[in-house]
Amino acid sequence: MSNITYHHHVDGITAHQLRRFHVGWPNPPSPETFLKSLFNMNAIVLALDQESDEVIGFVCGMTDQVMILYIWDLEVLSDYQDQGVEDALLSHLLDRYAALYQINANPHPGIQTFFASAGFVALGEEQCQHMTRMDIARQHGL
């Protein structure tokens, strides 16, 4: 897919280019809210289809730039899935932060195998427990 480029920033990206994400979410954020969220992430890779000028995938998270990266989300538009975009996004992010001590992810069951193939392992309960606090009614963002 030679018309796909990868970017570590949202400079020049518009909300319109992000309009096709969050399919199936009960209360999805607007493209404008999603753009604000990505702007505030400090670990990001966007896949941009140069032909359509559309963001077709992203991986994002937060890092302290010293020890830890937490991958928050990875999504590729359905018509671009299984074409290597997922692999490229994660590879770009992992390469950029390869020197960090710990890289965490909390993938949903559908992509846990994908993360495992990239070297991620599930920790036992005695090592750590994932916990979250979530209000689905606020899923659309602020």
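The values are calculated or read from the model by the stated rules, or taken from the named source; none is laboratory data. Keep in mind it's a predicted model, so treat the numbers as computed, not measured. Here the Cβ is made from the backbone with ideal geometry for all residues, glycine too, and neighbour counts use every protein chain on show. Accessible surface is based on the protein model in full, side chains and every heavy atom, while ligands, DNA and RNA are left aside. Shrake-Rupley method; radii C 1.70, N 1.55, O 1.52, S 1.80 Å.
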Item to check | In Hz, Karplus ³J(HN,Hα) per residue of the stretch 63-70 (6.51, -1.76, 1.60; θ = phi - 60°; x = Gly, Pro) | outcome: 9, 8, 6, 10, 9, 10, 10, 10
Next on the checklist: Give me the percent relative contact order of the stretch 1-74, please, defined on Cα pairs under 8 angstrom at least 6 residues apart.
Outcome noted: 30
Checklist outcome for this item: Here the relative contact order (percent) of the chain, from C-alpha pairs under 8 Å and at least 6 apart, is 23
Checklist entry - Could you give the nm distance between label points at residue 78 and residue 39, where each point is 7 Å from its Cα heading toward the beta carbon? => result 3.0
Item to check | Cβ-based charge dipole, the chain, positive-most Cα from 62, 137, 93 | outcome: 137
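Could you rank 9, 16, 22 by how accessible they are, 1.4 Å probe, largest area first?
Values: 9 80, 16 120, 22 10 Å².
Output order, biggest surface exposure first: 16, 9, 22.
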Checklist outcome for this item: Computed ³J(HN,Hα) along the stretch 39-55: with the Karplus parameters 6.51/-1.76/1.60, θ = phi - 60°, integer Hz and x for glycine or proline, the list is 4, 7, 6, 10, 9, 8, 9, 10, 9, 10, 7, 5, 5, 8, 6, 10, 6
Checklist outcome for this item: Interchain or sequence-distant (5+) residues whose placed amide H lies within less than 5 Å of the amide H of residue 77 are 57
Checklist entry - Once phi is turned into θ = phi - 60°, what whole-Hz ³J(HN,Hα) does the Karplus curve with 6.51, -1.76 and 1.60 give for every residue of the stretch 73-89, x standing for Gly and Pro? => result 7, 9, 8, 10, 4, 4, 6, 10, 6, 6, 10, x, 5, 4, 4, 5, 4
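As an exercise, use a Förster radius of 30 Å and the Cβ-Cβ distance of residue 102 and residue 138 to find the FRET efficiency, rounded to the nearest 0.05. Intermediate results must be reported in sequence, preceding the final value.
On the way: r = 29 Å, r/R0 = 0.95.
The computed FRET efficiency comes out at 0.55.
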Checklist outcome for this item: Whole-percent carbon and sulfur contribution to the accessible surface of the chain (1.4 Å, no ligands, DNA or RNA) stands at 53
